[in-house]
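Worksheet for the structure shown next.
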Amino acid sequence: MIISNKPPGLSLLFLMASLCVSLAACDNTDDTHTDGHRAQQALHSVEVVLVENSTVSLSQTVSGTLEAVTKIRLYNEESAHITRLPYYEGDRVKKGTLLVQLDDALLKTDLAKASAARAQAKLDLSRLKKLLPKKIATEEDVAKAKTQLDLAIAEENRQITRLQRTRIKAPIDGLIIKRLYEPGDMLAPQSHILSIIDPTALRLKASLAERWLPLVKKGQAVTLHIDALGDRAITAKISRIHPTIDASTHKGIIEILLDPVPDGATVGQFARAEINLSATGRDILPVHTIHYEPEGAYVYRIINDEKGETIAEKVRFNQGQQFGAVTEVLSGLEVGDRIVSRGYLGLRDKKKVHIDRPSPPLPGVTK
């Protein structure tokens with residue numbers, strides 16, 4: 001048995017002192033933790049995204065009315081009455097079919113007269129050639145007679161051509177879409193009588209903003225919708241890109257060819273084409289991270305200062321084309337730069353910040 005010589009009061013005093021030291025140590029630890037937490041809370045919290053070099057894409061919808069690739073207007077070259085005009089709008093005709101017959105009675109008379117003159121000139125030349133050895137006719141007489149024969153032949157051919165032009169035939173297999181006269185009408189020269197199209201080749205001419213024209217290519221596939229045909233998606237392709245831009249609208253013309261033409265599609269129908277555009281190797285960042293002032297566009301970039309502290313700096317940059325929710329960076333920023341995407345309220349240049357978490361991937365971007 002151990003017997004202590006210390007008074008009971010002294011032991012109690014020692015126990016109370018030890019307890020106070022322990023409690024003080026705990027209080028110091030809690031204060032240190034609380035101060036660190038409060039300091040972190042005092043920093044401006046932000047979320048960031050990175051400037052990326054990626055392939056961006058978007059779709060543009062253009063609209064217009066369908067038209068025929070081949071449309072021919074038929075005119076007369078001789079003034080005459082119409083004697084035959086058998087076809088109407090909507091009639092299909094084969095190449096070479098007689099579409100218009102004009103009165104040719106006077107032209108046949110002129111042709112007969114020219115043929116007679118040609119025959120007489122030929123006879124005169126033959127007679128003079130026989131007289132030439134007898135010195136009754138001269139070489140000059142024979143030369144003049146030959147010239148007269150050439151002129152008579154030319155006139156006969158001219159009258160044959162005029163007579164042929166009283167018969168207008170279909171230049172293609174096609175569809176009559178316009179008829180402007182009736183049999184018996186008197187036509188002046190160069191009158192528009194009929195219009196014919198090839199219904200097997202239709203196209204859509206549409207305007208596209210100049211900034212998107214470099215992103216489209218001849219032969220590129222597009223998806224076409226014709227309102228009259230419902231929701232059916234139709235395969236088409238870009239067949240031509242016009243080389244000039246309208247200075248008033250800053251738009252260019254593209255031609256979209258329906259290949260093949262679907263059943264029910266016809267000239268004049270309203271159509272919409274969806275064109276997928278993509279651009280490779282573009283430095284981009286989200287549109288919502290950009291701020292504007294009179295001097296231009298700017299963002300807040302996260303950097304570490306010379307003390308190693310994380311701060312936000314205000315950076316102006318040159319902005320390019322916008323692709324949906326992202327925009328192109330031309331200069332002023334580099335790939336990998338951390339850009340503030342949330343936490344703008346109260347943010348200013350050189351302010352210390354704390355990064356909460358990165359934002360989700362950029363929309364419409366393919367790495």
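The values are calculated or read from the model by the stated rules, or taken from the named source; none is laboratory data. Quantities reported herein were computed from a predicted structural model and do not represent experimental measurements. Glycine also receives a Cβ, built like all others from the backbone with ideal geometry; neighbour counts cover every protein chain displayed.
A few remarks follow.
- I136 satisfies every condition listed in (1) of a type in the set (V, I, T); (2) under 30 Å from K71 (Cα atoms); (3) not assigned by TED's automatic domain parsing to the domain that holds E274 except (2).
Per-residue answers, yes or no, for (1) over 18 Å from the mean Cα position of the chain (by Cα); (2) farther than 30 Å from G96 by Cβ; (3) not aromatic (F, W, Y):
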| residue | (1), (2), (3) |
| --- | --- |
| A188 | yes, no, yes |
| S195 | yes, no, yes |
| R203 | no, no, yes |
| L208 | no, yes, yes |
| A221 | no, yes, yes |
| D227 | yes, yes, yes |
| R232 | yes, yes, yes |
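- Every listed requirement among (1) in contact with a strand residue (DSSP E or B) (Cβ under 9 Å, 6 or more places away or on another chain); (2) of a type in the set (S, T, Y); (3) exposed (fewer than 15 other Cβ atoms within 10 Å of the Cβ) is met by S54 save one, (3).
- The set of residues from segment 218-235 being closer than 14 Å to V267 by Cα and either hydrophobic (A, V, I, L, M, F, W, C) or touching a helix residue (DSSP H, G or I) at 6+ places or on another chain (Cβ under 6 Å) (or both) comprises I226, A228, L229.
- If you check L151, L111, L132 for being modelled with pLDDT under 95, in contact with a helix residue (DSSP H, G or I) (Cβ under 8 Å, 6 or more places away or on another chain) and either buried (at least 16 other Cβ atoms within 10 Å of the Cβ) or among the hydrophobic types (A, V, I, L, M, F, W, C) (or both), only one passes: L132.
- Filter result for L347 (assigned to a strand (DSSP E or B), out of contact with any Pro (no Cβ under 6 Å at 6 or more places or on another chain) and not acidic (D, E)): no
- Residues that are β-branched (V, I, T) number at least 3 in none of the strands (runs of 3 or more DSSP E) confined to segment 59-120.
- Some residue of segment 196-210 being in a helix (DSSP H, G or I) and either surrounded by 17 or more Cβ atoms within 10 Å (Cβ to Cβ) or touching a residue at least 12 places away in the same chain (Cβ under 8 Å) (or both): no
- Of all residues in segment 307-322 being more than 13 Å from D283 (Cβ to Cβ) and polar (S, T, N, Q), the one that is nearest to the chain's Cα centre (by Cα): Q322
- Residues in segment 224-244 that are of a type outside the set (G, A, S), under 13 Å from L258 (Cβ atoms) and either surrounded by 15 or more Cβ atoms within 10 Å (Cβ to Cβ) or at pLDDT 95 or above (or both): 7 in all.
- Total residues in segment 289-310, condition in a loop (DSSP other than H, G, I, E, B), of a type outside the set (D, E) and loosely packed, with under 10 Cβ neighbours inside 10 Å: 3
- Filtered residues of segment 122-171 (kept if in contact with a strand residue (DSSP E or B) (Cβ under 7 Å, 6 or more places away or on another chain) and assigned to a loop (DSSP other than H, G, I, E, B)): T166, A170, P171
- Test set (1) farther than 30 Å from L74 by Cα; (2) surrounded by fewer than 14 Cβ atoms within 10 Å (Cβ to Cβ) - G184 fails condition number: (1)
- Residue check for G296: farther than 30 Å from P199 by Cα and under 32 Å from the mean Cα position of the chain (by Cα): yes
- Tally of residues being in contact with a helix residue (DSSP H, G or I) (Cβ under 9 Å, 6 or more places away or on another chain), in contact (Cβ under 8 Å) with a residue 40 or more places away in the chain and either within 11 Å of V62 (Cβ to Cβ) or not in a strand (DSSP E or B) (or both) across segment 253-274: 6
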